[in-house]
Amino acid sequence: MGAESGTGRWWAAVCASYALVALVAGSLLPLDTEHLRASVGGFAVMNCHLDFPFGNEIPYHLQWDKDGETIFSWYSGDEAPRVADRWGGRVRRLGGGQLGLGRGSINVSAVRETDAGLYRCRVTFPNRSPPARNNGTFYYLEVDGGNLIVTPPMNSTVLEGERAELECLPKDPESVVQWYKDGVLLSELPELAERSELPPNGSLVIRLAVSTDLGEYQCRLSAPDGQMQSASAFLDVQYKAKVVYSPKERYLPFGKPASLDCHFSANPPLTNLRWEKDGFLFDPYNVPGVFYSMNGSLLFNRVDESHEGVYSCTPYNALGSEGASAGVRVRVSRAPALALRPAPLYLARLGASLALPCAAAPQPHAAPSLRWARKDGSELPVGRHSLDDGNLTIIDIEEEDRGVYVCTATNEADEVSVETELLIENVPPRAPYNLTALPSVDSIHVSWVPGHNGLEVDYNVWYRERSVSEWRTMKILTKGVTDATLVGLQPSTEYELRILSQDHIGDGLFSKPIFVRTLDPEGGEDQATAYAASATESTMTADAEEEMEVTVRLIDEGALVRWSRAPLDDSRCTVRWYRGDERELLASWHTHHDYLLVGSVEEGVEYEARVQCVSGVRGGAAVRVPQYARMRGVAAAAAAAALLLAALAAALWLARHRLRTCTRRHTRQHSHQHTRQHALPVKRPH
């Protein structure tokens with residue numbers, strides 16, 4: 001100790017001499033001195049590599065001196081270094097691996113004007129001889145900008161509730177000092193400004209520090225001559241570990257992994273976290289399938305009903321704890337299920353309404369929430385949809401409503417979804433018109449004008465003799481062809497012709513009928529010429545302006561009545577629905593559309609629809625509903641007859657097979673007896 005004290009006194013004398021020489025003649029410094037420059041309020045990093053004997057680390061003592069005064073000292077193995085009072089909070093050891101610096105490097109922050117001078121790093125080895133090696137490093141620090149700030153702020157650490165002070169002493173008392181926190185002017189932070197004071201010396205005083213005061217503070221100084229300077233420091237506010245949020249309930253999904261978090265805040269960092277369940281200590285190490293996470297949360301490998309209960313957590317750090325959280329009621333929830341699902345596919349008409357059902361099965365805890373959405377992410381029909389107990393209703397259906405809709409049931413455990421697709425029944429192709437026919441003796445050539453809107457449409461020619469009720473058809477195989485020739489007809493016979501349009505949706509409307517008479521074989525050719533001009537749709541209909549084509553088609557939902565209208569005609573039409581030959585009026589409707597769905601029809605009954613619009617056009621059509629039950633009975637009888645015939649055929653085959661077997665057996669027996677008779681000894685007469 002005496003030798004070391006002597007060495008210290010000698011080194012202090014040497015450093016004092018260096019300082020004196022530096023003041024008298026600034027150029028007289030140790031030859032290996034490295035010059036550094038820093039501004040007031042800034043920082044300076046000084047490098048120092050540890051040089052161990054033979055490269056093997058042994059116990060050592062690291063010491064930094066300024067102008068012969070020890071400012072930083074650290075013995076290997078100690079927890080914290082010793083720092084001189086004036087340097088407290090401003091000198092920090094950097095250690096190895098940072099920017100290629102040696103393990104003895106330091107950082108001097110919040111540089112002051114008085115920090116200028118000569119610094120030296122020195123390493124000694126107390127347990128070996130010689131106790132030191134040639135590993136000292138000299139730095140000479142020059143400080144700029146001290147003409148405005150004499151004492152800049154320095155990093156500070158306080159406890160929550162204590163008084164915090166950050167210095168910023170100007171050289172000129174007339175200078176103006178402003179404080180900023182994290183780049184925001186202090187006056188713009190009313191809660192912090194209310195707890196703060198700005199003494200005449202330029203310092204910032206926070207009377208009662210809270211955890212949110214933690215951050216970077218900067219003082220900006222403006223001198224009377226317009227010069228400006230700033231310096232920054234970091235304020236660290238420490239407090240006991242505390243719970244910041246605690247929900248009243250948590251739902252964990254049954255059969256799935258889950259976590260239960262403890263929402264806490266701690267500075268210094270968390271050191272321990274304790275859980276309780278139903279008032280008793282809950283140790284996950286004694287509960288199968290439950291673990292601690294790195295942040296103290298409870299991890300459940302597979303949730304079951306045994307995990308229900310009231311949980312609370314208590315966090316701890318080096319300063320202690322502010323207490324346990326409020327109880328969190330943990331409930332185990334099973335995934336939702338749908339009690340009512342929509343059909344996979346819906347077909348709706350333009351302008352109609354449609355209800356899509358969806359309902360969740362009841363749950364013991366909170367009921368699942370239901371929501372509808374379109375799978376493509378677009379909005380539900382704006383202003384045309386409504387939700388009622390999970391059911392989605394769409395009114396005035398439009399073309400853009402086509403798509404896939406998703407109903408999702410969600411609870412705390414999981415969510416389930418079901419999809420349904422909505423298809424729009426488009427308007428069928430319009431009826432062909434302006435039919436023209438040119439007859440011959442046994443054929444009729446008919447042509448027409450398409451009624452579609454650029455769609456790919458197929459055509460079928462329907463024709464019949466006027467005296468015969470049975471229709472015959474001829475399909476036009478080539479798309480785009482608007483004429484056809486009917487052959488094999490009877491001479492001198494009147495025929496009724498209609499053209500039916502079809503597309504990928506289905507049947508469209510029939511054209512208006514045209515009545516054509518084939519030519520007389522004994523007549524002249526001039527009869528065909530005269531007839532071609534008159535056998536047109538326009539001349540064959542007496543009231544072309546007042547009649548329209550009406551069709552009735554059977555569909556799954558009932559009967560679909562359609563009628564032709566002018567493209568811009570939206571006048572109101574009246575539809576009357578009759579039953580049977582006696583024309584019993586069953587119902588009457590009013591609509592602005594060109595179609596109507598009759599909900600229910602009976603088998604084996606003939607119906608007629610009569611349509612009359614305000615515009616003056618009218619028309620009608622009839623349809624007979626097949627007797628599906630009778631047809632099914634006939635089909636069943638036919639099937640039974642087929643089975644009976646099959647059984648008779650099988651019996652006949654079996655009988656024939658047995659007969660053949662008996663015949664073959666009888667033949668073999670007869671042959672055998674015949675052979676035996678020939679084998680007996682023959683008696684010859686004596």
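Figures for the structure shown
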| quantity | calculated |
| --- | --- |
| Accessible-area composition of region 69-198, carbon plus sulfur, in percent [1.4 Å probe] | 48 percent |
| Cα centroid of region 395-418 to Cα centroid of region 183-253, whole Å | 50 Å |
| Within-10-Å neighbourhood charge of Val150 [Cβ basis; K, R +1; D, E -1] | -1 |
| Residue-by-residue Karplus 3J(HN,Hα) for region 202-217, coefficients 6.51, -1.76, 1.60, Hz, glycine and proline x | x, 6, 10, 10, 10, 5, 10, 6, 10, 4, 6, 6, 4, x, 9, 10 |
| Cα-based Rg of region 263-331 normalised by 2.2 N^0.38 Å, two decimals | 1.13 |
| Nitroxide proxy distance, nm - points 7 Å out along Cα→Cβ at Arg128 and Arg402 | 8.8 nm |
| Largest to smallest principal axis extent of the C-alpha atoms in region 199-244, angstrom | 51, 18, 12 |
| Residue-normalised accessible area of region 298-354, given per residue in Å² at a 1.4 Å probe | 48 Å² |
| For Glu113, net neighbour charge (Lys/Arg +1, Asp/Glu -1) across residues whose Cβ lies under 12 Å away | -1 |
| Label-to-label distance, nm, for residues given as Val625 and His445 (7 Å Cα→Cβ offset) | 4.6 nm |
| Pair Met228, Asp376: separation of 7 Å Cα→Cβ label points (nm) | 5.6 nm |
| Principal axes of region 162-289: Cα extent on each, largest first, Å | 74, 25, 22 |
| Dipole magnitude of region 288-429 about its Cα centre (Cβ charges: Lys, Arg +1; Asp, Glu -1), debye to nearest 20 | 380 debye |
| Ala80-Arg329 FRET efficiency (beta carbon distance; Förster radius 56 Å; 0.05 resolution) | 0.80 |
| Under Karplus coefficients 6.51, -1.76 and 1.60, residue-wise ³J(HN,Hα) of region 615-625 in Hz, glycine/proline x | 5, x, 7, 7, x, x, 7, 10, 8, 10, 7 |
| Difference of contour (0.36 nm per residue) and Cα-Cα distance, Glu547 to Arg384 | 55.1 nm |
| Amide H partners (placed H, <5 Å) of Asp236, local residues excluded | Ser156, Thr157, Val158 |
| √(5λ) per eigenvalue of the Cα gyration tensor, region 272-393, largest first, Å | 47, 17, 13 |
| Theoretical FRET efficiency, 1/(1+(r/R0)^6), r = Cβ-Cβ of Ser469 and Leu585, R0 25 Å, to 0.05 | 0.45 |
| Cleavage-rule hits (GluC sites (Glu not before Pro)) in region 152-242: DSSP loop, at most 13 neighbouring Cβ within 10 angstrom | Glu162, Glu174 |
| Theoretical gain in end-to-end length, Phe52 to Arg93 [0.36 nm per residue, Cα-Cα removed] | 12.9 nm |
| Straight-distance crosslink candidates among lysines, where the alpha carbon sits under 27 Å from Lys479 and sequence neighbours closer than 8 are dropped | Lys512 |
| Over region 273-388, relative contact order from alpha-carbon pairs under 8 Å, at least 6 apart, % | 17 percent |
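The values are calculated or read from the model by the stated rules, or taken from the named source; none is laboratory data. All figures in this text were calculated on a predicted structure; none of them were measured in a lab. Cβ: placed from backbone, ideal geometry, glycine included. Neighbour counts: every protein chain shown. The protein model used for the area step is the full one, side chains on, heavy atoms only, and it has no ligands, DNA or RNA in it. Shrake-Rupley method; radii C 1.70, N 1.55, O 1.52, S 1.80 Å.
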